[in-house]
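Mind having a look at this structure? Questions to follow.
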Amino acid sequence: MDPRLIALELFLTELDIPVKINSLGDRKRVQKAVYLGQLTGVDLGYRFGWYLMGPYSPALTRDYYALAESLESDESELAGKRLHPSVSQRLRRIRQLLDVPSEIPLLQEDWLELLASYHFLRHVRGLSHDDAALQLNLHKPHLAKYTDAAADSLYEFRLLSGR
Amino acid sequence: MNASIVKRVSDPVHGSIGLTDLETRVIETRAFQRLRYVKHLGLVYLVFPGADFSRFSHSLGTCHVMGRLLDALFRSGLSLKCWDRQRFRLAALLHDIGHYPFSHAMEDAVSNHYTGRYVVADGEDRPLNLEQERPFNHERAGKEVLLGDEELRSILKEEGYDPEDISSIFMREEHEPNQRRLASLLSSDLDADRIDYLLRTAHHTGLPYGAVDLDYILSQLLVDADGRICLSRKALRAVDHFLLSRYFDYLQVAYHKTVVAFELLLKDVLAALLRNGLIECSAGWVGQAIRNGEWSSFDDTYVWGKIRELSLTASDEVDKLKAKAILDRRPPKLVWASEFLGSRDDHGEHFKLQGKMVRSVISDLAKQFDVPRSRWLEWEADLKLTKMGPHMSVSKAVHLEEDDEDGLEQTVHILDTQGSASQPIVSVRQSLMNILANYVLYARRIYVILPEGEEGRYEEIKSAAQEHLG
């Protein structure tokens, strides 16, 4: 198994995200969790463009299919391996961010889509909060009403700064 | 709408490439000149001697094709400002500015090396600087060049172009739908990058797969009622032909048995260079090298020197053997190969099973012939003619999955018979792609590399592999 895939598997496990890609929801969860996880400075090298459901990396898609296939055939390469303590520490810091707040009635994959999309529009595209909220309202009306909560969470976990 | 052409460059593929003053100034920077010394096709020239062209000529060609695509769309009625035309031509010109020496082989080695540093074995303890020790892919490195190379950045800024905006085009970061569609001219099944690649590769390898009817394709480029870039139905044959040509080009060049052998060897050697500290290519190093100018000499020649050094100084005998094999042009030998066409729908189940079996047989052969596992190289590929399969209807587009969306955005669209909406070529019943997109070519090979003097064992190993795997 490529070292990159081993790192990806351990990265997702540290974030409590199942390495399961059977449904759209599973795949979306992995995409957005890796996007958010990389913001902690644990850069796996995946670059995200803007797609219908927000940040998305075709290279990550290729890798999680390859990872799922490798895990099906042989998990032994993971034996005795773990993330470097400084990597684990950074990822653990945002684990709670990935849990949907109790007052928000969204599935985890949708919450992650909202967090990642808002972050992308603010940080990568350089939009103001109001403009990002407008874009989300236009393209993701089912998520847009929770934009403020997503913004608060990203600031709280220090994935956005300079409010 | 043409910005003034101030210079013409003679090109074997396109004849004459016109450049604006700004493009000329960009090309003259040290960061761009570096691309002269990064070969576009890695080690392919060890098999096809003419295929030693650089990312420099490909970048000029991609800029030229982008200009032609934009002009064709403008003639079809797309509203396009001179400013935007220059933005997209610049993005095409600069799309490969961040490529490492040996391109994709190095990128793969860098990705595995630095993400591998995030993982430790139980009980292992070593320092890790996360800010520095992380990988950049070539597009991210390209953005770093645009932002960090003072010479290039100041030229763009003087003319009012934002380096970050240019990089967002080749990084697909645009979120505004019309801009994203224009950016697809640099990243789709039929884009400026792929068109130049196919024409240039065919020209330089001498293979006949570049006879693409580019003029006709350009003359049929349109925009549908939704603003999507598409082609008229009359271009169906020309597009089928283009996609088939690309398929055959892959089979004959990228998948050539000796090209693959050298690429596998190269990846291992590059990994050894990184492991042994002979080269450094972390994000931190890349950023610093760009700022202090070292980047402009980080090219194929530089890495060849390091491979030579590895061949003399490596403590690991297999590293030494592999480095020497590349320098002496002694490819690993093919001992077993399989190739079959399978249905896209079965998700390669048979191929996955075959993979398990092959890995187990390699372990057995390694023991049987007392050849360490690190001298065996396994290669696999699944090649599709189009990014997306044939079964997606346009109505499904409203429930698109992201994997599908990537495919849908990248797939060539053909205007329907009513002349307003367009549909993916794979959905057009008269298209060859409607049938062929159902299939995937699955290929797998085993190579082995033996020290000098032991080459006589290849035949014996080959027979044993055949016996095990058929």
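Read the figures in this text as sums done on the coordinates, not as results from a lab. A quick note: this is a predicted structure, and the numbers were derived from the prediction, not measured. We place every Cβ from the backbone using ideal geometry, glycine too, and count neighbours over all the protein chains shown.
Of the trypsin sites (Lys or Arg not before Pro) in the stretch B:69-163, which ones lie in a loop per DSSP and count no more than 14 other C-beta atoms within 10 Å?
When the trypsin sites (Lys or Arg not before Pro) of the stretch B:69-163 are filtered for loop state and at most 14 Cβ neighbours within 10 Å, B:Lys81 remain.
Of all alpha-carbon pairs in chain B, indicate the percentage at a distance above 44 angstrom.
Working: 17812 of 110215 pairs.
The answer is 16 percent, as a whole percent.
Here is a follow-up. Any idea how far apart B:Asn129 and A:Gln96 come out in nm if each label point goes 7 Å out from Cα toward Cβ?
3.2 nm
Then there is this: Which one of B:Gly77, B:Leu312, B:His468 has its Cα pushed farthest toward the positive end of the charge dipole of chain B, where Lys and Arg give +1 and Asp and Glu give -1 at the Cβ?
It is B:Gly77.
By how many degrees, 0 to 90 and rounded to 10, does the Cα axis of helix B:257-275 deviate from the longest principal axis of chain B?
That helix lies at roughly 80 degrees to the long axis.
Rounded to a whole number of µm²/s, how large is the Stokes-Einstein D of the protein assembly as shown at 20 °C and 1.002 mPa s, given Rh as the Kirkwood radius over C-alpha pairs? Mind showing how you got there, number by number?
Details: Rh = 25.9 Å.
The diffusion coefficient I find is 83 µm²/s.
Can you tell me the dipole magnitude for the stretch B:19-111 around its Cα centre, using point charges on the Cβ only (Lys, Arg +1; Asp, Glu -1), in Debye to the nearest 20?
Details: 12 positive and 9 negative charges, 53 e Å.
Dipole of the stretch B:19-111, to the nearest 20 debye: 260 debye.
To the nearest 0.05, what FRET efficiency results for A:Leu107 and B:Glu150 with a Förster distance of 56 Å applied to their C-beta separation?
Using R0 = 56 Å, I get an efficiency of 0.75.
Mind checking which of A:His142, A:His129, A:His84 has the largest fluctuation in a GNM of chain A, springs on alpha carbons under 10 Å?
Ranking A:His142, A:His129, A:His84 by mean-square fluctuation puts A:His84 first.
Suppose every K and R has +1 on its Cβ and every D and E has -1 on its Cβ; what is the size of the dipole of the stretch A:3-156 about the Cα centre, in Debye to the nearest 20?
320 debye
Arranged by the count of other C-beta atoms within 10 angstrom, fewest first, what order do B:Trp304, A:Trp50 take?
Details: B:Trp304 14, A:Trp50 24.
Least to most surrounded, the residues fall as B:Trp304, A:Trp50.
Highest first, please rank the peptides B:226-232, A:97-103 by the mean number of other Cβ atoms sitting within 10 Å of their residues.
Values: B:226-232: 17.9, A:97-103: 14.0.
Taking the mean over residues of other Cβ atoms within 10 Å, the ranking is B:226-232, A:97-103.
Here's another thing I want to ask about it. I'd like the orientation of helix B:82-94 relative to chain B: the angle between its Cα long axis and the longest Cα principal axis, in ° from 0 to 90, rounded to 10.
The two axes meet at around 10 degrees.
I need the calculated FRET efficiency for the pair A:Ala79 and B:Ser338, taking r as the beta carbon distance and R₀ as 35 Å, to the nearest 0.05.
On the way: r = 30 Å, r/R0 = 0.85.
It comes to 0.75.
Going by Cα centres, the stretch B:113-136 and the stretch B:327-357 are how many Å apart?
32 Å
Any of B:Lys324/B:Lys356; B:Lys352/B:Lys384; B:Lys320/B:Lys462; B:Lys367/B:Lys462 with alpha carbons more than 20 Å apart? Name them for me.
On the way: B:Lys324/B:Lys356 31 Å; B:Lys352/B:Lys384 16 Å; B:Lys320/B:Lys462 24 Å; B:Lys367/B:Lys462 15 Å.
B:Lys324/B:Lys356; B:Lys320/B:Lys462, as the Cα separations exceed 20 Å there.
Please average, across the residues of A:82-91, the number of beta carbons from any other chain that are within 10 Å of each residue's own beta carbon, and give a whole number.
Details: counts 6, 3, 11, 3, 5, 7, 1, 0, 1, 1.
Taking the mean over all residues of the peptide, I get 4.
Can you give me the P(r) profile for the stretch B:295-379? Cα pairs, bins 5 angstrom wide beginning at 0, each as a whole percent.
Histogramming the stretch B:295-379 at 5 Å steps yields 3, 11, 16, 15, 14, 12, 11, 10, 7, 1 percent.
Modelling each spin label as a point 7 Å along the Cα-to-Cβ direction, I'd like the B:Lys352/B:His468 distance in nm, to one decimal.
For the pair B:Lys352/B:His468, the computed spacing is 2.3 nm.
Other chains' Cβ within 10 Å of A:4-17 residues: what's the mean? Please report the intermediate quantities before stating the final value.
Values: counts 10, 2, 5, 8, 2, 1, 2, 3, 0, 0, 0, 0, 0, 0.
If you average over the peptide's residues, the count of other-chain Cβ atoms is 2.
In debye, nearest 20: dipole of the protein assembly as shown around its Cα centre with unit charges on the Cβ of K, R (+) and D, E (-)?
Dipole magnitude for the protein assembly as shown comes out near 860 debye.
Just how many % of Cα pairs in the stretch A:93-143 lie over 17 Å apart, if you round to the nearest whole percent?
Details: 484 of 1275 pairs.
Counting pairs separated by more than 17 Å, the tail of P(r) holds 38 percent.
Please find the FRET efficiency linking B:Glu452 to B:Thr313, where r is the Cβ-Cβ separation and R0 is fixed at 22 Å, and quote it to the nearest 0.05.
Numbers: r = 19 Å, r/R0 = 0.85.
In this case the efficiency is close to 0.75.
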